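Worksheet: one structure, shown below.
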Number of protein chains: 2
Amino acid sequence: MQRYFILKDDAWSETDVTIYGEDVHHISRVMRGEVGDRIICNHRNGRAAICEISEISNDKVRANIVDWQDQDVELPIEVTIVQGLPKGDKMDFILQKGTELGADSFIPYKAERSIVVWDEKKMKKKLQRFGKIVKEASEQSHRNKIPTIHDLVSIKQLIEVSDQFDVKIFAYEEEAKTTSYQSFAEVLKEMNSGMQLLICIGPEGGFSEKEAELLKENDFKPVRFGPRILRTETAALYALSSISYHFEELRWNECKQ
Amino acid sequence: MQRYFILKDDAWSETDVTIYGEDVHHISRVMRGEVGDRIICNHRNGRAAICEISEISNDKVRANIVDWQDQDVELPIEVTIVQGLPKGDKMDFILQKGTELGADSFIPYKAERSIVVWDEKKMKKKLQRFGKIVKEASEQSHRNKIPTIHDLVSIKQLIEVSDQFDVKIFAYEEEAKTTSYQSFAEVLKEMNSGMQLLICIGPEGGFSEKEAELLKENDFKPVRFGPRILRTETAALYALSSISYHFEELRWNECKQ
């Protein structure tokens, strides 16, 4: 069944949901939906309902709520990816794949070695495109929620915001070269359901020594993601896949009890 | 230091290595290398040497072998990715990221639901491009070897070739929907260093019921990669990241002793 995120509270009543905008086009034209067809509608609160289409017009689709679902496919810990601005369209890629793999939110970061400069004037359009990418990826991967994309931060803002997280780590290439590296597994073993993890990833050139020192001073732990050198756009995917494996497949928290 | 794969045996002597072809252009023009600069040269046997450039001419670079390195960054198990032919340029992406994440080899598979048809006439050019992608990704991620790319296989050929592997699994979306799914972690817990794992991933539409039945009959275990629905090009990355995490970060094999 196709899934739609219907985020406006007033779209929902006790018994039905009314869909406007691009989703109407998707339901009626792309999916060729008809009255009687079933879809899944996600509420802003993370819950999802199986709904049956009762009415299709040019500008709206109305559907009856048939059954609220309990299935939760969110990661047991909340993961925020801080991504040093990468070149080209890599940010699009990181947002799409990171959403599929369960990220809770993303913070773009103006790193010392970021070459790209985000044009203030084009920011609104850029954020609109990003919003569309994570919405579509959430629908496609059957997520219960859509990740949040925060505004661009400086190192100072990053350190300020990091206070809100239980655990903070950063990918540091120098770690991958040493034998006494910090183990990402030790970090995950200390975490329990509901905790918040901040993962910082540098741009193509990685973090500078100065950035690394500042992060360490502010309780960010340097980690490696395996012994191979990963491209910037691969690091978040490694981290999120490993977190899913640790909690959802290996089920470390259940085995350790 | 920049890394180059020098695969021809006669390029190597006891004391030095001679480099021809595209790598010469890369060393002299792209990296602006000079006599005295150091590079890493990988031998076909997986070993790597630090070398010092002794001569640069238009068509060749000669370098003295300074020191053989011992560092091995290959995954402890050998992972072969069978990828159902995906649309567009997704195969390029899977080869590049799969190489970064440690895959040993790739087998393109003509799945029942593959829409793309590979043109026989363009095959030579396609394989050349694929070869270039995995060579560059191996160099960039400091791998000790370059993954092998096999010829396109049918389901019959896939089942024939699968006999050579210790463990065979396939990603099956139906598994992700059940609560009694096969755990990927249980599969990895049974594996030890040097064993060979075959991972099959369907194209955009996944495996058909018929394919899934055939695979099960031939000892392929269906697994899920987390509870979210992943795109075809994300599945191999999830699997390889989790394998690295399991063996190289969590170090399951060491903990269990």
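Every number in this text was worked out from the coordinates using simple rules, so none of it is lab data. These numbers were taken from a predicted model, which means no experiment stands behind them. Positions of Cβ are backbone-derived with ideal geometry, glycine not excepted, and every protein chain shown enters the neighbour counts.
In table form, for the structure just shown:
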{"read-out": "Zone residues, segment B:8-52, relative to B:T148, backbone N less than 19 Å from point 7 Å out along Cα-to-Cβ", "value": "B:8-9, B:43-47"}
{"read-out": "For segment B:83-188, projected area of the alpha-carbon convex hull averaged over all directions, nm²", "value": "8.2"}
{"read-out": "Unit charges on C-beta of K, R, D, E only; dipole of chain A, Debye", "value": "820"}
{"read-out": "Average partner coverage of A:215-227, which counts Cβ from other chains inside 10 Å", "value": "3"}
{"read-out": "Selection from B:V223, B:L158, B:Y109, by position along the positive dipole direction of segment B:78-255 (Cβ)", "value": "B:Y109"}
{"read-out": "Cα-based shape type of segment A:78-255, given that a ≥ b ≥ c are square roots of the gyration tensor eigenvalues and the cut on a/c is 1.5", "value": "oblate"}
{"read-out": "Shielding of A:138-146 by partner chains, average beta-carbon count, 10 Å", "value": "2"}
{"read-out": "Relative contact order [Cα under 8 Å, 6+ residues apart], segment A:78-255, whole percent", "value": "32"}
{"read-out": "Dipole magnitude (debye, nearest 20) for segment A:3-69, charges at Cβ of Lys, Arg, Asp, Glu", "value": "240"}
{"read-out": "Check: segment B:136-223 dipole with +1 on Lys, Arg Cβ and -1 on Asp, Glu Cβ, in debye", "value": "220"}
{"read-out": "For A:230-243, mean number of other protein chain Cβ atoms within 10 Å", "value": "5"}
{"read-out": "Shortest-first nm distances, A:E186 label point to equivalent points in other copies (7 Å, Cα→Cβ)", "value": "3.2"}
